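Novice: What follows is a structure written as structure tokens; I'll ask about it next.
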Amino acid sequence: MPNLLIVDDETDVREFAANFFRKRKINVVTASSGEEALEILQQKSPDLVLLDIKMTGIDGIETLKRIRQMHNNVKVIMVTGKKPDEGDSFDKCKEYGACDYIHKPLDLGQLEKTVMKAFL
């Protein structure tokens, strides 16, 4: 069974995505902040992290940077409300090794396709 860590400071988004993937027989752990995600990563090694960019505390880009320092091999998909051409966040995510990018509001078909592709 694949292991997925979902990191989002919006409870409804986090729980909605978690329930969606649990129904697909994926082990899901959630975190409400970058700090909490990093603590979880010290104890568990998920196969994939679904990481929101815009969060209070340390944002998703800084969290991604720190994940790379801890676990260079874990796959990370960034989640954002921004378009890739807005600012340099897309470039930063690629630079720090994000394997893909998903936009909010979450399209379940696209979300499932992107996550399942990353598990392969």
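Novice: Looking at segment 90-120 only, could you name the residues that are of a type outside the set (Ser, Thr, Tyr), outside any helix (DSSP H, G or I) and either closer than 17 Å to residue 73 by Cβ or in contact with a His (Cβ under 7 Å, 6 or more places away or on another chain) (or both)?
Specialist: Result: 97, 98, 99, 100, 120.
Novice: Write out, first by first residue and then by second, each pair whose Cβ atoms fall under 6 Å of each other, whose residues are 6+ apart or on separate chains, and whose first residue, in segment 96-114, is touching a residue at least 60 places away in the same chain (Cβ under 8 Å) and closer than 25 Å to residue 65 by Cα while the second is assigned to a loop (DSSP other than H, G, I, E, B) and not charged (D, E, K, R).
Specialist: Filtered contacts from segment 96-114: 104/81.
Novice: Restricting attention to segment 1-18, and to residues there that are in contact with a helix residue (DSSP H, G or I) (Cβ under 7 Å, 6 or more places away or on another chain) and assigned to a loop (DSSP other than H, G, I, E, B), which single residue is nearest to residue 51 (Cα to Cα)?
Specialist: Once the filter is applied, the top-ranked residue is 8.
Novice: Considering only residues that are of a type outside the set (Ser, Thr, Tyr), touching a helix residue (DSSP H, G or I) at 6+ places or on another chain (Cβ under 9 Å) and not in a helix (DSSP H, G or I), which ones fall in segment 63-81?
Specialist: Answer for segment 63-81, where residues must be of a type outside the set (Ser, Thr, Tyr), touching a helix residue (DSSP H, G or I) at 6+ places or on another chain (Cβ under 9 Å) and not in a helix (DSSP H, G or I): 71, 74, 75, 76, 77, 78, 79.
Novice: Any residue in segment 57-76 that is farther than 11 Å from residue 98 by Cα sitting within a Cβ distance under 7 Å of a residue that is among the hydroxyl-bearing types (Ser, Thr, Tyr) and surrounded by 16 or more Cβ atoms within 10 Å (Cβ to Cβ)? List the pairs, counting only those 6 or more apart or interchain.
Specialist: Every condition considered, the pairs that remain are 57/33.
Novice: To continue, here is another question. Would you tally the residues in segment 1-17 being surrounded by 14 or more Cβ atoms within 10 Å (Cβ to Cβ), farther than 10 Å from residue 29 by Cα and among the aliphatic types (A, V, I, L, M)?
Specialist: 2
Rule-based calculations on the coordinates, nothing more; no lab input. The structure presented is a predicted model; accordingly, all values stated were derived computationally and were not measured. Cβ atoms come from the backbone with ideal geometry, glycine included; neighbour counts cover every protein chain shown.
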